[in-house]
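Notes follow once the structure below has been shown.
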2 protein chains.
Amino acid sequence: MAERTLGVVLFPGFELLDVFGPLEAFGGLPGLFRVVLVAEQSGPVASAQRVRAVADHGLADCPRLDLLLVPGGIGTREEVENRTLLDWLARRAAEAEIVTSVCTGAALLARAGVLDGRRATTNKAFFQWVADHGPHVAWIKAARWVDDGKFVTSSGVSAGIDMALHVIARTCGREVSENVARAMEYEWHTDSDWDPFAKVWGLV
Amino acid sequence: MAERTLGVVLFPGFELLDVFGPLEAFGGLPGLFRVVLVAEQSGPVASAQRVRAVADHGLADCPRLDLLLVPGGIGTREEVENRTLLDWLARRAAEAEIVTSVCTGAALLARAGVLDGRRATTNKAFFQWVADHGPHVAWIKAARWVDDGKFVTSSGVSAGIDMALHVIARTCGREVSENVARAMEYEWHTDSDWDPFAKVWGLV
């Protein structure tokens with residue numbers, strides 16, 4: 001099986017666990033996945049929680065990506081108006097095998113236009129804000145994640161871990177995912193319909 | 001309530017989720033917790049998953065810490081011999097209110113000598129390796145986390161999130177923790193005795 005390159009997009013105010021939950025899973029499988037962090041410019045990027053990660057690449061020098069992951073976080077409030085980033089997302093999504101989002105990262109994919117006509121989900125506390133950015137998207141209120149083929153979107157923050165394990169299972173087999181979850185001592189929610197938070201946040 | 005400063009120790013080969021799972025929780029509470037990343041030198045530090053985070057401080061210029069968090073990861077194999085780091089950990093642990101570890105980070109606390117006579121737990125897949133570094137520690141095989149007063153140690157990787165929520169509940173009240181877990185859409189394991197992975201890894 002050829003190694004896939006996963007690019008994770010960083011922007012000021014990205015949500016820490018949206019990025020590093022999935023990366024714990026993908027990053028534990030060298031040979032299957034190579035992970036790169038990409039931002040408008042390479043170098044340090046401050047998270048919503050203020051601590052900083054380092055973008056390996058800028059948008060202009062980012063290698064070809066097989067998989068793309070777009071996190072959420074308070075920074076999405078500005079990035080939904082960032083035409084440079086949205087255009088880059090649309091171009092990279094077109095050539096990727098699988099495009100994923102965690103939390104309010106779905107708002108960026110929606111504004112990039114790539115979710116139109118697709119089923120998708122997002123953070124439950126900020127559901128309506130995200131949905132308003134994608135009037136032609138079939139938003140699913142209760143779902144841990146939604147797999148619509150090329151696009152796999154997940155609910156808020158920690159849901160990204162379950163979604164990542166699903167994408168690993170889909171691309172590399174269920175046993176690989178189960179081994180990763182076990183090594184993380186993580187109780188994987190394998191049912192994409194499991195979503196108590198849709199009720200907690202009053203969506204259903 | 002005065003803001004507490006939480007210092008998280010980085011070293012080459014730290015485990016991503018050991019750091020950023022707890023930081024997602026603590027980092028969402030500005031005014032209650034200020035989070036700083038600290039390493040031998042300030043600047044970028046590569047994780048076990050290769051992507052990099054930025055240490056805000058070196059050991060020498062790190063501010064006073066109320067809380068200390070020591071992650072695990074493959075890098076602990078070298079750091080258990082790093083006298084500079086271990087001596088720093090012993091000094092900072094002495095003046096801290098609460099000292100925590102995730103995963104094999106407990107091996108560093110054990111080698112720093114601060115867990116002697118204490119109850120503690122660690123990663124289940126590498127349990128014996130860690131235990132060998134602390135012959136005078138009362139190692140608990142089955143526990144999501146162990147709260148022994150000043151020292152709160154957790155099991156592998158994702159267990160750090162549950163432990164962090166426990167420490168937030170202990171210092172700021174249960175309601176604060178529950179709000180954080182809800183915002184993370186995270187199903188908090190509130191029972192420190194919940195540990196299916198002790199059996200999975202053949203410890204019980």
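The values are calculated or read from the model by the stated rules, or taken from the named source; none is laboratory data. Since the structure is predicted, the reported quantities are computational estimates derived from the model, not experimental observations. A quick note on method: Cβ atoms are made from the backbone with ideal geometry, for glycine too, and the neighbour counts reach across all protein chains shown. Areas reflect the complete protein model, heavy atoms only, side chains present, ligands, DNA and RNA absent. Shrake-Rupley method; radii C 1.70, N 1.55, O 1.52, S 1.80 Å.
What to note about this one:
- Candidate lysines - alpha carbon under 17 Å from A:LYS124, same-chain residues fewer than 8 apart omitted: A:LYS141, A:LYS199
- Inter-centroid distance (Cα atoms) of segment A:1-30 relative to segment B:51-123, Å: 25 Å
- B/A buried area, accessible surface, summed, 1.4 Å probe, Å²: 3400 Å²
- Its alpha carbons considered, the protein assembly as shown gives a radius of gyration followed by a Dmax of 20.1, 62 Å.
- Rounded to the nearest 10 square angstrom, A:LEU65 shows an accessible area of 0 square angstrom against a 1.4 Å probe.
- Segment A:126-197 pair-distance distribution - Cα-Cα, 5 Å bins, rounded %: 3, 16, 26, 24, 16, 8, 6, 2, 0
- Reciprocal mean inverse distance between Cα atoms of chain B - Kirkwood radius, Å: 16.5 Å
- Using a Gaussian network model of chain A in which every pair of alpha carbons under 10 angstrom is joined by a spring, one finds that among A:ASP148, A:ASP162, A:ASP18 the greatest mean-square fluctuation is at A:ASP148.
- With the Kirkwood sum run over all distinct C-alpha pairs, segment A:49-94 has a hydrodynamic radius of 12.2 Å.
- Taken about its Cα centre, the protein assembly as shown carries a charge dipole of about 0 debye when Lys and Arg each add +1 at the Cβ and Asp and Glu each add -1 at the Cβ.
- Amide H to amide H distances under 5 Å link A:THR100 with A:LEU68, A:LEU69, A:VAL70, A:VAL152, where only residues 5 or more positions off or on other chains count and H is placed in the peptide plane.
- Whole-Hz couplings from phi, Karplus 6.51/-1.76/1.60, listed for segment B:60-72; x for Gly and Pro: 6, 10, 6, x, 4, 10, 7, 10, 10, 10, 10, x, x
- Cα coordinate range in segment B:70-120, projected on the principal axes (Å, largest first): 27, 22, 17
- Residues with amide H under 5 Å from that of A:ASP148, placed H, sequence gap 5 or more: A:THR153
- Inter-probe distance in nm under a simple model that places probes 7 Å from Cα toward Cβ, at B:MET1 and A:ASP191: 3.4 nm
- Surface composition of segment B:27-175: carbon and sulfur atoms hold 49% of the protein heavy-atom accessible area at a 1.4 Å probe.
- Inter-chain shielding of B:11-21 (mean C-beta neighbours from other protein chains, 10 Å cut-off): 5
- Over all directions, the projected convex hull of the C-alpha atoms in segment B:65-178 averages 6.4 nm² in area.
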